[in-house]
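Presented below is the structure to which this report refers.
The values are calculated or read from the model by the stated rules, or taken from the named source; none is laboratory data. Being a predicted model, the structure only gives us computed values, none of them experimental. Please note: Cβ atoms are built from the backbone with ideal geometry, for glycine as well, and neighbour counts cover all protein chains shown.
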Amino acid sequence: MRPEVSVRPVHIGVFAAVLVLVGGLLLGWSGRAGAAGDPLLSRGKAATASSTEGSSYAAGKAFDGNTGTRWASAEGKDPQWLRVDLGAGAAVSRIKLVWEAAYAKAYRLEVSADGTTWTQVAEEKAGNGGTDDWTGLGGKGRYVRMYGTARGTSYGYSLIEMEVYGTADTTPTPTPTGPSPTGPTPGGAFTVVAAGDIAAQCTASDSACAHPKTAALAQRIDPKFYLTMGDNQYDDARLADFKNYYDKTWGAFKAKTHPVPGNHETYDPAGSLAGYKSYFGSIAYPQGKSWYSFDEGNWHFVALDSNAFDQSAQIDWLKADLAANGKKCVAAYWHHPLYSSGGHGNDPVSRPVWRILYDAKADLVLNGHDHHYERFAPQDPDGKATADGIVEIVGGMGGAEPYPIEQVQPNSQKRISGEYGVLKLDFTDSGYGWSYVGTDGKAKDTSPTYSCH
């Protein structure tokens, strides 16, 4: 049985000369095979990171095979992580880390099949920089990350190279024999359910309570995962409220949910986002902040906290995250919409973020805040209709009291108020479309099919 967490790396530093004399093990490190001849899987693959020191130190620099480049995180902050998408599942046998002067004193090596649930395959608690060469690993997954928990210097984390070796999974995908609404779909396709403005302070015992009905609908659709666009819990989003209301309905699939906070999550008397953070934990803070990103198929999803759009930390992170993205298609979601025909109307707080996303050729933005459903034609940050613009959807009918349509905005194509429901989004490797599904299970609106930019 191959060891997993108990394996130890070979630290290459002052003993380099001895190792070279013994077997020449250090020669040609950047291109040699892994344990038992396993090939290098990570070279040139898409990579993301918790942060970057600047555009010159993007995540992909640690996987380019160039010893003159490197990834560097923001300075002075723990934890930080670096992740690579191998493009397919693999049995990972070896991971090699070549540290710059800013190294990790403590870190974990982890693998994941979906980029969400991680399994530890190795752990370092007393790192001293140089080169760490972990062999005899037994992890399986598509995604591999270094998760740094303690810096070895006062700076950040910096890797010249991170090399992942193993055996790619070449098992062919069986051809479907018939329709399977909840099973795997061909061509990298997957379904997501999304909604905002969800758990009013009521339960299923009240026939007028909507969030038990939208939760039942969302669960019947059985998507790959769920997105929430803020105001998950009313009115002050205390932990007790989450436990009494949200947890009894949408909480049934919390482990498959990627949430963001709304303005009501900031009202908690225990502190802004206190109940939200306590209830969701690392699900809402996978990268240590209330904003984060993750990948699925050919899509890069960006979860943002629109309560903090005035914070340079989030804006700087967003720019670096998009710069490091290797996926063709990009979707972002947060609470406050830039464009809305509802009671709250347009919220200019989102315009700078729209500009960043538009410049990065993002495709789709999902919002809540106004309690209605609305879809917009592709447009730019200034509201000009354009084929290369971003499609925005307002999906705030998850359970809170509906708002009327007040002032129809330019480029608004469809508006529904008063009928609770969820967004059923269908993604492929090259495009997307969606339906707004009511709690009666019927599609109330169906979008055009869009191609990614």
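Brief remarks follow.
- Restricting attention to region 240-262 and to residues that are among the polar types (S, T, N, Q) and buried (at least 16 other Cβ atoms within 10 Å of the Cβ), the residue that is farthest from G399 (Cα to Cα) turns out to be T257.
Residue by residue, here is whether (1) within 26 Å of the chain's Cα centre (by Cα); (2) without any contact (Cβ under 8 Å) to a residue 60 or more places away in the chain; (3) closer than 26 Å to K319 by Cα holds:
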residue: G76; (1), (2), (3): yes, no, yes
residue: D85; (1), (2), (3): yes, no, yes
residue: Y103; (1), (2), (3): yes, yes, yes
residue: A106; (1), (2), (3): yes, yes, no
residue: Q120; (1), (2), (3): yes, no, no
residue: G130; (1), (2), (3): no, no, no
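- Options A150, A91, A126, A106; residue that is in a loop (DSSP other than H, G, I, E, B) and surrounded by fewer than 19 Cβ atoms within 10 Å (Cβ to Cβ): A126
- For beta carbons closer than 9 Å, sequence separation of 6+ or different chains, a first residue in region 243-255 that is aliphatic (A, V, I, L, M) and a second that is part of a loop (DSSP other than H, G, I, E, B), the qualifying pairs are A255/T116; A255/T117.
- Residue in region 136-144 that is more than 30 Å from N298 (Cα to Cα) and in contact with a helix residue (DSSP H, G or I) (Cβ under 8 Å, 6 or more places away or on another chain) present: yes
- Residue list for region 293-310, restricted to those being in a helix (DSSP H, G or I) and not polar (S, T, N, Q): A308
- Under the condition of being surrounded by fewer than 22 Cβ atoms within 10 Å (Cβ to Cβ) and among the polar types (S, T, N, Q), the residues counted in region 291-308 number 1.
- Residues of region 343-359 include none that is surrounded by 19 or more Cβ atoms within 10 Å (Cβ to Cβ), assigned to a loop (DSSP other than H, G, I, E, B) and either in the same structural domain as N298 (by TED's automatic domain parsing) or modelled with pLDDT under 95 (or both).
- Any hit, region 371-388, residues being of a type in the set (K, R) and under 30 Å from Q201 (Cβ atoms): yes
- Against the list (1) without any contact (Cβ under 8 Å) to a residue 40 or more places away in the chain; (2) closer than 29 Å to T117 by Cβ, the condition G68 fails is (2).
- Filter result for the condition that a residue is in a helix (DSSP H, G or I) and either more than 20 Å from V193 (Cβ to Cβ) or at pLDDT 95 or above (or both), over K277, K289: K277
- Matching residues in region 246-263 - criterion: being closer than 19 Å to H369 by Cβ and over 19 Å from the mean Cα position of the chain (by Cα): Y246, W250, N263
- In this structure, A62 qualifies as outside any strand (DSSP E or B) and modelled with pLDDT of 95 or more.
- Taken together, the residues in region 369-384 that are buried (at least 22 other Cβ atoms within 10 Å of the Cβ) and of a type in the set (A, V, I, L, M, F, W, C) amount to 1.
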